[in-house]
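Novice: Pasting a structure below so you can have a look.
Bear in mind these aren't lab numbers, they're just calculated from the coordinates by the rules spelled out. No experiment lies behind these values; they were computed from the predicted model shown. Cβ sites come from the backbone with ideal geometry, for glycine too, and all protein chains shown count toward neighbours.
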Amino acid sequence: MSAAIHNGPMPPVMPTYNRADLAFERGEGAYLYATDGRRYLDFACGIAVTGLGHAHPHLVKALTDQAQKLWHNSNLFRIPGQEKLAKRLTEASFADTVFFGNSGAEAMECGIKVVRKYQAVNGKPERFRLVTFEGAFHGRTLATLAAGGQAKYLEGFGPKVEGFDQVPFGDLKAVKAAIGQATAGILIEPVQGEGGIRPVPPMFLRALRELCDEHGLLLFLDEIQTGMGRTGKLFAHEWSGVTPDVMAIAKAIGGGFPLGACLATAKAASGMTSGTHGSTYGGNPLAMAVGNAVLDVMLADGFLDRVQQSASHLRQQLAMLTERNGDIFEEVRGEGLLLGLKCRPPNTEVNAALRARGLLTAMAGDNVVRLLPPLIVEAAQISEATQIIDSACADLRKQAQRKVG
Ligand SMILES: *Cc1c(COP(=O)(O)O)cnc(C)c1O
């Protein structure tokens, strides 16, 4: 883990990450090619970003075509790509309006402002607090860190931004107890990603919706990781039948081009008038070309059905795999292609063993290894991944025996 003070020479790249000693030159579909020529099956997808795999021809064409024409002109002017993407996102969701930014944390910041402003312009300026959940992750800006509430990320950065009341995951009584005169809304990820791939039961989401309606609060969903097809629906909350008032998306909406968005109902966004929010880059023509191209693919007939089929196939394979390797894995959890293997050995060791065998995965809290295959994953690649995981389990067993012996 991170030391309090950096020892040794300071590298030109600020050492805030714990990186694997591996670099890539090129990607194609579900595969990445390292600078040493080795091929890796990519079940990390840049943390759920490259949902359509690497170098998807439709995305490459959209980006390069736009690059020949116009990159950026700022929100001083109309941006036709924004108008088009916003219209498509609102037609495909609960929302009536969209703000474009460049990242997940920015989409969250916008959402927090939307919720607070809604209460303020509706005669309740004292309502500015959000109820959030333990284990949540909402980004690394000062407000989103406060929303996530993880002590290890907040430490040393001065007073925590005011206005977030954290309750235990899945505890409805605690939510009710946390709602007070200053509460403006409830913020939740439909499946906790960084927190360890913990799905929120549909019943719980429905109960939150009811509480919001009862108390005049807004329901704010963080679908940055769960959205854009990851669970087999365009947005994960669709499985529950609940609709939010505000939603943050990012990651796969740009397929690797930095793009985030805050979606809201007309009612929720009623205070977001000219001058209340802004971004220099947000929704620039390059980003909009890619975002629209991503939607072309994801909204095509049958795309999400295929994601659901791949997801249930992978889930079955992983269920059998965890049974065969009960000494390494405790369980498989998650929704759609947002899956986690709860490990018995440290997840860092499992992650490294998988990488050594050519499978890239991400880690998550609660000692989980996160599997985030591209949504275009094929059955043969699912088999390949399963075989690699089996071999890595055998490697881990040998390592453990060597330690003992
Ligand atoms: C990745 C993520 C974020 C932060 O997104 P950035 O683009 O890194 O700012 C916020 N919430 C969730 C659920 C995420 O997975």
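Novice: If you scan segment 100-121, which residues turn out to be in contact with a Gly (Cβ under 7 Å, 6 or more places away or on another chain) and within 15 Å of the ligand (Cβ to nearest atom)?
Specialist: The answer is 100, 101, 102, 103, 104, 105, 106, 107, 108, 110.
Novice: Mind checking whether some residue in segment 331-338 is in a loop (DSSP other than H, G, I, E, B) and surrounded by 21 or more Cβ atoms within 10 Å (Cβ to Cβ)?
Specialist: yes
Novice: Would you mind telling me which numbered condition in (1) touching a residue at least 40 places away in the same chain (Cβ under 8 Å); (2) farther than 30 Å from residue 361 by Cβ; (3) not polar (S, T, N, Q) residue 101 fails?
Specialist: The single condition residue 101 does not satisfy is (2).
Residue-by-condition table, conditions (1) under 29 Å from residue 225 (Cβ atoms); (2) in a helix (DSSP H, G or I):
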residue	(1), (2)
7	no, no
17	yes, no
25	yes, no
32	yes, no
47	yes, yes
50	yes, no
68	no, yes
73	no, no
78	no, no
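Novice: Also: Take residue 207 and decide whether it is more than 16 Å from the ligand (Cβ to nearest atom) and under 18 Å from residue 244 (Cα atoms).
Specialist: So residue 207 fits the description; yes.
Novice: Now for a separate question. Is it the case that residue 227 is free of Cβ contacts under 8 Å to residues at least 40 places away in the same chain, within 16 Å of the ligand (Cβ to nearest atom), of a type in the set (Gly, Ala, Ser) and surrounded by fewer than 21 Cβ atoms within 10 Å (Cβ to Cβ)?
Specialist: no
Novice: Right, another one. Quick one: in segment 125-151, of everything that is touching a residue at least 12 places away in the same chain (Cβ under 8 Å) and more than 16 Å from the ligand (Cβ to nearest atom), which residue is farthest from residue 224 (Cα to Cα)?
Specialist: 126
Novice: Something else now. Only one of 232, 254, 241 is surrounded by fewer than 22 Cβ atoms within 10 Å (Cβ to Cβ) and over 11 Å from the mean Cα position of the chain (by Cα). Can you tell me which?
Specialist: Checking each option against the conditions leaves just 241.
Novice: List pairs: first in segment 376-405 and under 23 Å from residue 327 (Cβ atoms), second acidic (Asp, Glu) and loosely packed, with under 14 Cβ neighbours inside 10 Å, Cβ under 9 Å, 6+ apart or cross-chain?
Specialist: 393/327; 396/327; 397/327; 400/327
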